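Read the structure below first, then the notes.
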Amino acid sequence: METRTGQTPPWPQQVFDNLWLLAGAAIVFFVLSYLAWGMIDLLTIPVGGAAP
C-alpha cells in the first residue's frame, strides 16, 4: 500500500486498513488479556486455607 507520495503508511494505519489484520490483532489482544487476568487471579489466591 503506497500513497501518492510513494511512502508506505505507518504500521498502525496498515492494521486499520486490513480487516483480517485488525481481527487478528483483536483476538491476540483478548487472548493475552484473559491469560494475564487468569494468572493474576490464580496468584492472588491465599496459600493454605482452612481444612474442614
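Residue-by-condition table, conditions (1) at pLDDT 90 or above; (2) open to solvent by less than 90 Å² (accessible area, probe 1.4 Å); (3) of a type in the set (A, V, I, L, M, F, W, C):
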| residue | (1), (2), (3) |
| --- | --- |
| 12 | no, yes, no |
| 15 | no, yes, yes |
| 24 | yes, yes, no |
| 34 | yes, no, no |
| 43 | yes, no, yes |
| 47 | no, no, yes |
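Could you list, in sequence order, the residues of region 1-15 that are assigned to a helix (DSSP H, G or I) and out of contact with any helix residue (DSSP H, G or I) (no Cβ under 6 Å at 6 or more places or on another chain)?
11, 12, 13, 14
The values are calculated or read from the model by the stated rules, or taken from the named source; none is laboratory data. It should be emphasised that the depicted structure is a prediction, and the values quoted were computed from it without experimental measurement. Heads up, the Cβs are rebuilt from the backbone with ideal geometry, glycines too, and the neighbour counts pull from every protein chain shown. These area figures cover heavy atoms from the full protein model, side chains too; ligands, DNA and RNA do not enter into them. Shrake-Rupley method; radii C 1.70, N 1.55, O 1.52, S 1.80 Å.
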